[in-house]
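Take a look at the structure below.
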Amino acid sequence: MAVDAFFEGLSIATTPEMLVWLTLGLLLGIVLGALPGIGSPVGMAIVLPLTLPLDATAAIILLVAIYSGAMFGGSISAILINAPGTESAAATTLDGYPMSQNGLAKNALAIATTASALNGFLAAIALIILSPVLIEVVLAFGSPEYFLLAILGISLITIVTQGSIVKGLVAGALGFMISTIGTAILSPRPRYTFGQFGLYEGIDFVAALIGMFAFAEMMKLAARKQISEDDVEIAGSVRDGITTIFKYPMTTLKSGLIGMGIGMVPGSGATTSTFVAYAEEARSSTKDGRFGEGDPRGVIAPEAANNPTVSGSLIPTLSFGIPGSGSTAVLLGGILMHGLQPGPVLFGEQLQITYALFISLFLGNVLILAVGLTLIPYASKITELDTTLIIPMVVVLSYAGAYTLNQNWWDVGAVIVLGVLGFYMVRNNYSIIAFVLGIVLGPIAEENFFRSLQISGGEYTIFFDPINRPLSFLLTLAIFLILFGPFLKGRVKRLVSRN
Amino acid sequence: MSNSESFKRKVTAERVMLVVFLVVSAVFILEPVIESYPDDARVFPQLTASAVFIGSLLLLLQNYLPGPLQKFVAESVSITTSDSSEVIDQVEEDDEPLEEVDEPEEEYKKETLGAKYGYEVNETVFMVSTAVLYFVVGWAAGFLFITPLYILGYTLWFRVNPVVSVGLAIGGTAVIYLFMTYLVLPFDQGHVFDFSPLVPMLFDGAPILLRGGL
């Protein structure tokens, strides 16, 4: 079955139409990724409603291509102007910008392009090989497990984002709460609509994504002037940059594995993986490293880790509906908007779509290499844009996109309200990823919560019964340990040292 | 410090946000009781609203909570934290009142039209106010007609080259027009004013006018 689905996926991914969407997405992603303050979640959120007329596979391929392209695009501004286009490119600034100042901007950009594409390419192959194992795991999950997974995802995000646990939980629960506005899932009863017909369908989660990512980001960007304050000169050699990658094969491979491994952890993203890869490289090269002064390994490590993180993060997103980052949260929104269900369906009857996606990722990395290396001499142009020109266009697109979803003005209003909320949540260290995850997963969590209670006859023990539902028990235990583990660990340690 | 200064210091954006969370979650808890929602429409939103209410209350009152609970609420942990006791010690030392944590990013003072006439407006406040105005007037009179005015107004306020402003306004209007045409959206119709009869004259008639009229 998997082999048939693979070949069907291959034929879908290589149709001229899909290749056009893939190329378009990559180009758009590279440009959006290179604009500090825009990045992949914002770009994907704006494009998401525009994919409505598209076929589901084409839409998802377009979104993944934007995500993948932005991962590379983010490194352009990180290297040239010391302002990472995406959070994941922050680690690249540490040595990329010094290389640029040392007259090696082309080398650094070529290293970033090659490392990003090469490892993205390898990670896509690994993803295809791993799929049969994932299918078995996914099929073992039932309603209680899916509900608990949503809670586990929010708990993990709370921990990974390194903030207060309570703040993370409030953000996630708020997202769940807002998702309940509108007609109830299991009965035709309108909830919290206060007589407003426009609220009967609830707040569309895509409008929420546009608000939380695009509008909130524009509020931040409003206080900035031009993305680059200085004239940027690009010097160095592309060829030398490419050959540098092959001088350090272990760095490339090791960073790729770190990227993919961390990407698989729900709640972690490329920001974590790139810094871990950079730190590991700096640790293991203490003898001859000149990290922070323009060491090429300082560019290879984060860039070799970022695209494998995309592949890794697709695993929890597609298999359990738990996104690893803002971008995968938007991607999950796209998957649900087009009527696809993460989990058993995407790894069962719609396996060919999943394979088409993985194959597109593989092809996309080949394109990144070609497009990226061609773009290098013109890369600085992107960073010269004035934010004053970007903001009104993003606002216009956000409103038009939100209205397109249901032709409902409440969705446009939600963009503004949730945008302002997102701005203040970020300023005060509340995880907007947890909030967005709550909104996106709210209906799935509620449905599975009720189904579980129906199965158990209203008994909540179904969520922690070690005999009949060992998987549920393990998930509940994991949630408990994640939330209270660090707190209890300190107590236990003190108790032991006292004794 | 006077009473009003002390009050202003305590009213931070985060505290206001938490009070809003408290009020909204209270509504989510009470509304199903008042309106007699059935169980399958009531339990999940009430559970999640209760979590928001309790969490917001704990965060709001964290400086007045008893020791262990305060540590749990204020504690900042991650799976990469090797020793949580360090974190707890850190929390013990940290008795600062709840305040905004994020310092504004490196901000530039933009040259604005208002500044020329002595009106200083914060860029973020201006961005949000104009966006809200664009939404309200767009709803009332139709996005198609308001979009060029919004883009022109926003860019000219920040002293963008007028030629670039006009180009951007045309681009933005073209985007709305494409949405209207291809996705069949009523962006030419407002809920208060209806300028839709102008559309054939402005758009379909434009090529005719450019060729020298009828």
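Highest mean packing first, where packing is the average number of other Cβ atoms within 10 Å per residue, the peptides A:441-453, A:235-247 line up as A:441-453, A:235-247. A Förster radius of 56 Å, combined with the Cβ-Cβ distance separating residue A:484 from residue B:4, puts the computed FRET efficiency at roughly 0.85. Once the Kirkwood radius over Cα pairs is known for the range B:113-210, the Stokes-Einstein relation at 20 °C and 1.002 mPa s delivers a diffusion coefficient of 147 µm²/s.
For a modelled paramagnetic label at residue B:36, 7 Å from Cα along Cα-to-Cβ, the residues of the range A:170-203 in reach, with backbone nitrogen under 16 Å, are A:189-190. Extending 7 Å from Cα along the Cβ direction at residue B:26 and again at residue A:243 yields two label points whose distance is 7.2 nm. Entry note, the protein assembly as shown: the mean residue ellipticity at 222 nm calculated from DSSP H runs of n ≥ 4, each adding -39500 (n - 2.57), is -22500 deg cm²/dmol after division by the residues and rounding to the nearest 500. By other beta-carbon atoms within 10 Å, ranking A:430, B:119 with the fewest at the front produces B:119, A:430. Which log10 I(q)/I(0) values does chain A give at q = 0.07, 0.11 Å⁻¹ under the Debye formula, counting every alpha carbon as one identical point scatterer? Normalising to I(0) and taking log10 leaves -0.36, -0.91. Scalar couplings 3J(HN,Hα) for the range A:298-304, obtained by applying the Karplus form with A = 6.51, B = -1.76, C = 1.60 to θ = phi - 60°, are x, 9, 4, 4, x, 6, 6 Hz; x denotes Gly and Pro. Taking amide H as placed 1.01 Å from N in the peptide plane, the amide H of residue A:341 sits under 5 Å from that of A:346, each at least 5 places away or on another chain.
Taking the Cβ of residue A:410 as the center, what net charge do the other residues with Cβ under 15 Å away carry, scoring Lys and Arg +1 and Asp and Glu -1? Combined, the nearby Lys, Arg, Asp and Glu give -2. Counting only other chain Cβ atoms within 10 Å of each residue's Cβ, the peptide B:169-177 averages 2.
Proximity of backbone amide H atoms, modeled 1.01 Å from N, is registered between residue A:191 and A:182, A:183, A:184 at under 5 Å, excluding neighbours fewer than 5 places apart on the same chain.
What ratio of Cα Rg to 2.2 N^0.38 Å holds for the range A:1-119?
Cα Rg divided by the expected 2.2 N^0.38 Å: 1.20.
In this structure, residue B:161 and residue B:12 have a Cβ-Cβ separation that, at R0 = 35 Å, corresponds to a calculated FRET efficiency of about 0.35. 3J(HN,Hα) along the range A:143-150: 4, x, 5, 5, 4, 5, 5, 4 Hz, from the Karplus curve 6.51 cos²θ - 1.76 cosθ + 1.60 with θ = phi - 60°, whole Hz, x for Gly and Pro.
Taken one residue at a time, the phi angles of the range B:118-129 give Karplus couplings (6.51, -1.76, 1.60, θ = phi - 60°) of x, 9, 9, 10, 4, 4, 5, 4, 4, 4, 5, 4 Hz. Gly and Pro are set to x. Ordered by the number of other Cβ atoms lying within 10 Å of each residue's own Cβ, fewest first, A:71, A:337, A:177, A:250 fall into the sequence A:250, A:337, A:177, A:71.
When +1 charges are put on Lys and Arg Cβ atoms and -1 charges on Asp and Glu Cβ atoms, the dipole computed for chain A relative to its Cα centre reaches about 1440 debye.
By the count of other C-beta atoms within 10 Å, a proxy for reagent exposure, B:132, A:47 are ordered fewest to most as B:132, A:47.
Of A:254/A:493; A:489/B:10; A:106/A:254; A:254/B:71, which ones are farther than 29 Å apart at the Cα?
On the way: A:254/A:493 34 Å; A:489/B:10 34 Å; A:106/A:254 24 Å; A:254/B:71 38 Å.
A:254/A:493; A:489/B:10; A:254/B:71, as the Cα separations exceed 29 Å there.
Positive end of the charge dipole of the protein assembly as shown (Lys, Arg +1 and Asp, Glu -1 on Cβ, about the Cα centre): tell me which of A:58, A:261, A:377 has its Cα farthest that way. Going by the Cα projections, it comes out as A:261. Full extension of the segment from residue B:174 to residue B:193, taken as 0.36 nm per residue of separation minus the current Cα-Cα distance, would add 4.7 nm. In this structure, residue A:8 and residue A:406 have a Cβ-Cβ separation that, at R0 = 25 Å, corresponds to a calculated FRET efficiency of about 0.15.
Quick note: the coordinates plus some simple rules give every number you see, no bench work behind them. All figures in this text were calculated on a predicted structure; none of them were measured in a lab. Positions of Cβ are backbone-derived with ideal geometry, glycine not excepted, and every protein chain shown enters the neighbour counts.
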